[in-house]
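A short worksheet on the structure shown next.
No value in this document is a laboratory result; all are computed from the given coordinates. Note that this is a predicted model, so its numbers are computed, not measured. No Cβ is skipped: glycine too gets one built from the backbone with ideal geometry, and neighbour counts run over all protein chains shown.
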Amino acid sequence: MKTRQTGFTLVEIAIVLVIIGLLLGGILKGQEMITQAKIKNVVNDFNGITAAVNSYQDRYRALPGDDLNATGRWKASDGTTDVTSNGNGNGSFNCSAAKAGYNDGPPTTMTGIAAGQSECNLYWQHLRLAGFVGGATTGQAAGQQPANAANGIMGVQTGGMGFTSSIICSSNLPDKIAIAVDSQMDDGTAASGQVRGLKQTGANDPTGANAPTDVYAETGTNQYLLCKNM
């Protein structure tokens, strides 16, 4: 007695291929949506921090981190204990000499220059104390740079990347995100404009004082530090 061999018909195979195609399409679309969300978050971070700085200056007539009157403005609950330190009021950020500016912390404590904190750390604490940025207002965490959507950090410095003014930087940005952010906010060119990019050699690479990269290269593996003029 002969046995009849069974298998998939062409119609069944076609249906399976269509289903696989739909699944792959959904995965790719989902990845694109995630990337677009990260781009939007990075843009919002740059705009939000710039707005916070402007609001702080309007209210206190000082640059956060550089504020000469911060110690007297904010005290602990006992009304006498300092929770922060003053900046030197020179209109720029004096960051730790051991770091490259934006990647400058945090120190052990936020009170007392001798403890090692810099104006690049005080910048975040002053904004948090004023209520313009969320996060801890006392202790080491008060001077911690906030994270961005790409598991990098945001930080400030004065000069670098071809700028002479104070700038806000965001690290660990994948090439596609960095290019899109620069294109949306500026001219899409790494070496010029109000937003500039520097190819990193490592995570949170502290090279914000260097010159920007000549051109972006989208390889799928490159990461960039983006800095924006404040």
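For this structure, a couple of remarks:
- Estimated FRET transfer efficiency when R0 is 30 angstrom, pair residue 10-residue 32 (beta carbons, to 0.05): 0.40
- Relative contact order of the chain: 16 percent, from C-alpha pairs under 8 Å at least 6 residues apart in sequence.
- Ordering of 58-70, 147-159 by packing is 147-159, 58-70, highest average first (other Cβ atoms within 10 Å, averaged per residue).
- In order along region 59-68, the Karplus-derived 3J(HN,Hα) couplings, from 6.51 cos²θ - 1.76 cosθ + 1.60 at θ = phi - 60°, round to 7, 10, 6, 8, 8, x, x, 9, 5, 6 Hz, and Gly and Pro are given as x.
- Normalised per residue, the volume of the convex hull around the Cα set of region 126-227 (Å³): 104 Å³
- If you plug the beta carbon distance of residue 141 and residue 78 into 1/(1 + (r/R0)^6) with R0 = 22 Å, you get a FRET efficiency near 0.60.
- Candidates 189, 229, 154 compared by Cα position along the dipole of region 154-229: farthest toward the positive end lies 154, with charges placed on Cβ.
- The residue among 164, 125, 80 whose Cα reaches farthest toward the positive pole of the charge dipole of the chain, with charges on the beta-carbon of Lys, Arg, Asp and Glu, is 125.
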